[in-house]
Every structure is written in C-alpha cells, then in structure tokens.
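The values are calculated or read from the model by the stated rules, or taken from the named source; none is laboratory data. As the structure is a prediction and not an experimental result, all values here were calculated from the model. Virtual Cβ from ideal backbone geometry, glycine too; neighbours counted across all protein chains shown. Just the protein is used for accessible areas: all its heavy atoms, side chains included, with ligands, DNA and RNA removed. Shrake-Rupley method; radii C 1.70, N 1.55, O 1.52, S 1.80 Å.
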Amino acid sequence: MKKLLFGILFCVSGMLVARGEGVRFLDNVAWKQVVKEAREAGKMVFVDCYTSWCGPCKVLSSKIFPLKEVGDYYNSRFVNVKYDMEKPEGRVLDKLYPGTVTCYPTLLVIDPVTGNIIHKWTGVKQADELIGEAKKALSNRGIVAMDERFREGERDFDFIREYVNTLSQASDRRERVTEVLDIYFKETNAWDDILKQETWEMVFPYLWDISCDYVREVFARYSSLKQLPFVDKKELDRKLIYCIQNSIDHLLEMEFEAGTFTPLKPNPKLYERLEKYSGVFSLHLSYPGMRVCLNLYEYLIGEEWQKAYETIMFANEFGMGRVLLRHEINAKLYMAQYSGDQELTRKIFEDLRQQQGEKGPYMAHIAFVQNCLGDKKGAAESMRKYNELELERLKRIGPQRKHRNR
C-alpha cells in the first residue's frame, strides 16, 4: 500500500512539475493588477483571449502553452494573462481595446506603461511560431512598429515580405495586405520581379482582388508564370479563378436595408476587368458559370428583367445554379421589387414556393414577394410563420456566438 501511495504521489508530482514548465498565466485577473505587476517586473504583457467553447483555444491551452520551450521564453519576458472574453474581466479588456478581438484565439502583446498594443496575431501556432511572434514584438518587428516603419517609407523587400506575413496573421488587418503590396510595387516599379521565385512566393497567397494592380500584373504575366518551374500550374489556376469569383460576388452584391434593396450600383470598370480576365479561362470548366454571373449583372443593371430571369432559369436547367449561390435569391427579390412586372413577380413567387417550401428563412423571402404583389395579408401570415420557425430554430441551436474561432 505504501509503495502504491508513493507511486501515485510521484506521478502526481511529476504532472505538476511538467505543467509548471509551460507558460504561467494569471487567469482572468483584473487588468489593473496585471499592468501593475508587469510595470514592477519591467516586462511586457502577453494576453491570450479565448472562450470556453473555442476549439483552437483549447489546442493552444492543452498542447502548446504547456511546452517547456514556450514556457521558458514567455515566462522570462512577459507577464502572461488569459481572459475568457465572455466573463466580466474579459469584457473589461474588450471595452479597453474595442474592435481588437474579432475571433478566437487572439493573442496580444501590450506595453504596460503606454497601454499600447505592440503586436497581435490570431489562431493556433506551433511552439517555434509562437516564440517567433514574441520575438517580433520584442525586437521592433511587431505589427505596430512595422506599420510605423512602412509609413516612414521603408520598402526593403525582406521587410515587405515580413510585414505582409505579419498583417496576414491578424484577422482584422488582412485587407491591408493588398494595399501594402500595391504601394510596394508602384513605388519600386518591381513588377518584373513577380516572375522571380521569392517575389512570387510573397505575392501568391494574396491573390484576392482583381482591382489590385499586382493581381492585374499576375494576369498579364499568366502565360509566362505557367512556364516557370517553381509555379504550381493547377494552384495558379485555382487561385485566379477564386479571385475572379470573389470579384463577381462583389459586383453582384446587393444591399438590403430597412426591408428594401438599394439599387444595384453600376461598376463598369470592375465589369470590364472581369470580362477580360475571365476570358483567360474560356476553356476551363468554371468559365460558363462566370459568364452566367456576368450576364445576370448586365441584365439587372440594364433593367432587362425578363432576360435576367431567363439567365437564372438557364443556369438551373444546365446544372450551373450552384455558381449563383445567394445571388439567385437576391436577384429574384430585386426583380420583384424593381421590375413592376406583375406576371414576372408571380413567377418568382411560385419559384420560391416550389424550390424552398415553407422553411424558416425562406418564408421571409416569400413574404417580401407577396408585399411586392400587394398581398399584405399573405405577407403578414408568411412573416408570422417565419418568426415562429426562427424561434424554434434558435431554441434548438442555443445562443448565437458573436465571434468566430480560427
């Protein structure tokens, strides 16, 4: 029995020691206390913003933070604190730095003297990556310091490459990547470098938006890029097709406010670019779907309602309905609102009833069209069903989460 107890105690003590080797966190402690302790210790503050339901947060907590090498680095250089952002202490931090935490986990390095955020990144990192982010923060390479260096005119390639990578790690700064790359290429006139491996590897992950000059240059050099040994041809096509489809989504974006659609905004410049760049893939399987979306936009802008409706029907008949996705519903509701064609609006009403049936979110669509037809009583009944079904759905899935995890 003594041997058994000794063995149990030995195992437990070993577990405690192993646990103690990792990052030592203050847990949901008042922020004023954290700042006071960090100032007295002459250290920066490292903050882990998490929630109890966030899977990636649990991976960090159970797999990465307990590692000895991570603990050795962070414990010697930071006062480490973790906040459940749905608890009172976490909500206090959210108010102090509004808009900073938009997904989980979010990791911050904060100067306790100035209160400024020095560095920010999101998502799960391996031990060496986690230590690497900390090193950036402590060596004037955190996101805030890099912002300042860029504003002051630093355009060295190695700096730009690290800067865009750092921006991409912060979920709320990713759109800034495209702006930085455009400025870099315009000011350095380094367009031909896109055909060089190190520049291509910097640019390739950020082929998002054809309105960017550097993306247009990639399309212009498409044939040359396909000949280069370091370029994956299939991945290049996949990226550029995604880029086109993403821009088509923007072209067909319809704003819906206060129960009505605002008129679709003409964007001839973007439309012309899409016509040009989608033509690069005229022999690709994705091209017919791209063409359908562009035709739909053209007919909606031109108020050629019957042609717009026939385009949607054509896409569905030939198995291309999936490329329209949410645009089909929005386009039909938009036509019902603006066409003034009662016969067409009744067709749309029947389409919605046949395609969607009396399901939760779709009842609101049906009610919208009923209002366009002047059937106020029917619209009110459809909305009653919608609210009833939505209440049932919310009860099934529980409270909605405000943020997402990575």
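Taken over segment 165-184, the criterion of being of a type in the set (A, V, I, L, M) and under 16 Å from ASP213 (Cα atoms) is satisfied by VAL177, VAL180, LEU181, ILE183. Against the criterion of being more than 29 Å from ARG161 (Cβ to Cβ) and among the polar types (S, T, N, Q), SER139 does not qualify.
None of ASP158, ASP147 is of a type outside the set (Gly, Ala, Ser) and within 26 Å of TYR104 (Cα to Cα) except ASP147. Residues that are part of a helix (DSSP H, G or I) and more than 30 Å from the chain's Cα centre (by Cα) within segment 25-48 comprise LYS32, GLN33, VAL34, VAL35, LYS36, GLU37, ALA38, ARG39, GLU40, ALA41, listed in sequence order. Taking the conditions (1) open to solvent by 50 Å² or more (accessible area, probe 1.4 Å); (2) at pLDDT below 95; (3) not aliphatic (A, V, I, L, M) in turn, ASP192 satisfies each one other than (2).
Does LEU251 satisfy being farther than 16 Å from LEU324 by Cβ and either loosely packed, with under 13 Cβ neighbours inside 10 Å or not polar (S, T, N, Q) (or both)? So LEU251 does not fit the description; no.
Tell me yes or no: at least one residue of segment 254-266 is acidic (Asp, Glu) and open to solvent by less than 50 Å² (accessible area, probe 1.4 Å). Looking through segment 254-266, none of the residues is acidic (Asp, Glu) and open to solvent by less than 50 Å² (accessible area, probe 1.4 Å). When you check LEU228 against the structure, is it part of a loop (DSSP other than H, G, I, E, B) and either open to solvent by 70 Å² or more (accessible area, probe 1.4 Å) or touching a residue at least 60 places away in the same chain (Cβ under 8 Å) (or both), yes or no? No, not satisfied. For the criterion of being surrounded by fewer than 17 Cβ atoms within 10 Å (Cβ to Cβ), in a helix (DSSP H, G or I) and charged (D, E, K, R), GLU275 passes. Residues satisfying the criterion are absent from segment 86-103 (criterion: part of a strand (DSSP E or B) and either among the aliphatic types (A, V, I, L, M) or open to solvent by 50 Å² or more (accessible area, probe 1.4 Å) (or both)).
If you check ILE241 against the conditions, is it in contact with a Phe, Trp or Tyr (Cβ under 7 Å, 6 or more places away or on another chain) and without any contact (Cβ under 8 Å) to a residue 60 or more places away in the chain? Spelling it out, ILE241 is indeed in contact with a Phe, Trp or Tyr (Cβ under 7 Å, 6 or more places away or on another chain) and without any contact (Cβ under 8 Å) to a residue 60 or more places away in the chain. Meeting the requirement of 3 or more residues that are open to solvent by 30 Å² or more (accessible area, probe 1.4 Å) and within 26 Å of ARG384 (Cα to Cα), the helices (runs of 4 or more DSSP H) wholly within segment 296-371 are 326-338, 342-356. Number of residues in segment 353-381 that are out of contact with any helix residue (DSSP H, G or I) (no Cβ under 7 Å at 6 or more places or on another chain) and modelled with pLDDT of 90 or more equals 6. Within segment 116-144, being open to solvent by 20 Å² or more (accessible area, probe 1.4 Å) and either without any contact (Cβ under 8 Å) to a residue 24 or more places away in the chain or part of a helix (DSSP H, G or I) (or both) holds for ASP128, GLU129, ILE131, GLY132, LYS135, LEU138, SER139, ASN140, VAL144.
Working only within segment 373-393, note down all residues that are of a type in the set (Lys, Arg), over 21 Å from TYR338 (Cβ atoms) and open to solvent by 70 Å² or more (accessible area, probe 1.4 Å). Reasoning before the result, please.
Within segment 373-393, the first condition is being of a type in the set (Lys, Arg), and the residues that meet it are 376-377, 384-385, 393.
Next, from what is left, pick out any that are over 21 Å from TYR338 (Cβ atoms): 377, 384-385, 393.
Result: LYS377, ARG384, ARG393.
Consider segment 162-183. How many of its residues are under 15 Å from the mean Cα position of the chain (by Cα) and assigned to a helix (DSSP H, G or I)?
Qualifying residue count for the region: 11.
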